[in-house]
Each structure stands twice: as C-alpha cells, then as structure tokens.
Amino acid sequence: MKIFLDTANLDEIRKGADWGIVDGVTTNPSLIAKEGRPIEEQVARICDIVDGDVSAEVVATEAPMMITEGLKLAKIHKNIVVKLPLTRDGIKACSALSKEGIRINVTLCFQAGQALLAAKAGAYIISPFVGRIDDMGMSGIELIEQIVTIYENYDYPTQVLAASLRTVNHVIETAMIGAHIGTMPFKTLDMLFNHPLTDKGLEQFLKDHAKSLEKS
Ligand code: G3P
C-alpha cells in the first residue's frame, strides 16, 4: 500500500520524507488554510520535498470554473493531482479533465455508489473517508471493502485512497482489504511505529550489550 501524508505542513512532510516511507501527499482547502500561504505556493513547496502524487483541491463549485482552476493547478508541477468534490459538477469536471489527461482525485466519497460514478468519470483516485463514516456510527472499513470489490469486479483502474485514517487499526484494516493508498495525518503515521515490546526489547538488548562491554 502506498502511504500518503494528509497534511500541508512542510515540517511534517519533511519528517515523513526523511524516513523514506512517504509516497505522496494529500491536501484539502482546510489543511492549506492552516499553513497561511496561497495554495499554488504551498503545493509547489510540497512537490519539492516529496517525489510522488500531491493532491491539490479546487474551491470552485461549478464545472466550468472547476475545470479552469484544475487546469491551473495541474500546471504547477508534473506530480499534481487535481482534487474535485463528489458533486454533480465535480463529476462533470472530472470527466472533462480526465479526457485531457489531467489526473483527478475525487474526494468526499461516503458511499460506494459515489465511487462507481468517479470510476466511470475516469478518476485516477477515489477518496472515501473512513474516520468520518465511523463518526456517524457506521463502518468506514466496510465502505473501503465495497469499493475495492466493485472496482475489482469491473477492472476499473481508479485507485482507492482510504482517507481520514485516524488509528493504527484503520491503516492495518485498509491495507488488508487492499486499498491502493492510505492517506493519514502525521500523528497516525507516527503511531504506526509504536509497540511497547519494541521499546522493552531494545532496552534489554542495549543493557546486555553494555554488560558484555563491562566484562571484556
Ligand atoms: O483527506 C481527508 C481528511 O483530511 C479528512 O480527515 O480526520 O478530518 O476526517 P478527518
């Protein structure tokens, strides 16, 4: 599974990139707003750090403006993937931009029928939000399962990007289902390292090593 960071924060992206395990980055208007720079500037900086897909979302809500904005965003860097919301206009813009060879990430997907529409419109990526479905008392993981099954049934090339991954279990379960990509905040990525037995085991190894030095 490809691991993407879901952040526009350059320090977090640098830290993840230094570990050598970050395949791409997803942003959205809320994440960009937190960093206080115009989207064009911020995503260009992100592209300088990570050599992989970097999603940049349009804020227009009508198809013609979405297309204009998407074309502009796509010109920033070869790794930019234009993000469009799963609305009627978003799907219309996705069909048009995909035909032009622009790679589209269709976002705000909360049910499998929406994912079918995105695949039909030629989306490069579909982004179902696992955590936000869980917040509603439903299963985000089940949604990922449904979408992966539908895409496999018809050989749709659209990649399933499990978004809103907030826990270690979210990451493990989406990987077991076979989601192509998991995008997560830095905090979730950092949590993947943790196990008390790793810490305890290392502590013991180092103690034993120190003792052996004392003896020699
Ligand atoms: O990429 C979608 C993501 O930013 C949503 O995460 O935790 O706000 O639901 P969350």
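The values are calculated or read from the model by the stated rules, or taken from the named source; none is laboratory data. Only a predicted model underlies this, so the values are computations on that prediction, with no experimental measurement involved. Reconstructed Cβ throughout: ideal geometry from the backbone, glycine too, with neighbour counts over all protein chains shown. These area figures cover heavy atoms from the full protein model, side chains too; ligands, DNA and RNA do not enter into them. Shrake-Rupley method; radii C 1.70, N 1.55, O 1.52, S 1.80 Å.
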- prompt: Can you tell me the Rg and the Dmax, both Å, for the Cα atoms in the stretch 2-215?
  reply: 19.4, 76
- prompt: Under 16 Å Cα-Cα from K200, which aspartates and glutamates qualify once same-chain neighbours fewer than 8 residues away are excluded?
  reply: D208
field: Separation of the T61 and T167 label points, Cα + 7 Å toward Cβ, nm
entry: 3.4
- request: Would you give the gap between the C-alpha center of the stretch 77-95 and the C-alpha center of the stretch 138-189, rounded to a whole Å?
  value: 19
- prompt: What longest range of the chain stays clear of loop-exposed trypsin sites (Lys or Arg not before Pro) (DSSP non-H/G/I/E/B, at most 14 other C-beta within 10 angstrom)?
  reply: 79-216
message: Using a 1.4 Å probe on the protein heavy atoms, what percent of the accessible area of the chain belongs to carbon and sulfur?
response: 55
- prompt: If you line up the long axis of helix 140-154 against the longest principal axis of the chain, both from Cα atoms, how many degrees apart are they, to the nearest 10?
  reply: 60
task: Report the charge-dipole magnitude of the stretch 2-215 in Debye, nearest 20, computed about the Cα centre from +1 at each Lys and Arg Cβ and -1 at each Asp and Glu Cβ.
output: 240
task: Pick out, from I49, P157, M66, the residue whose Cα sits farthest towards the positive end of the charge dipole of the chain, with +1 on the Cβ of Lys and Arg and -1 on the Cβ of Asp and Glu.
output: M66
field: Surface accessible to a 1.4 Å probe, per residue, for the residues of the chain, Å²
entry: 53
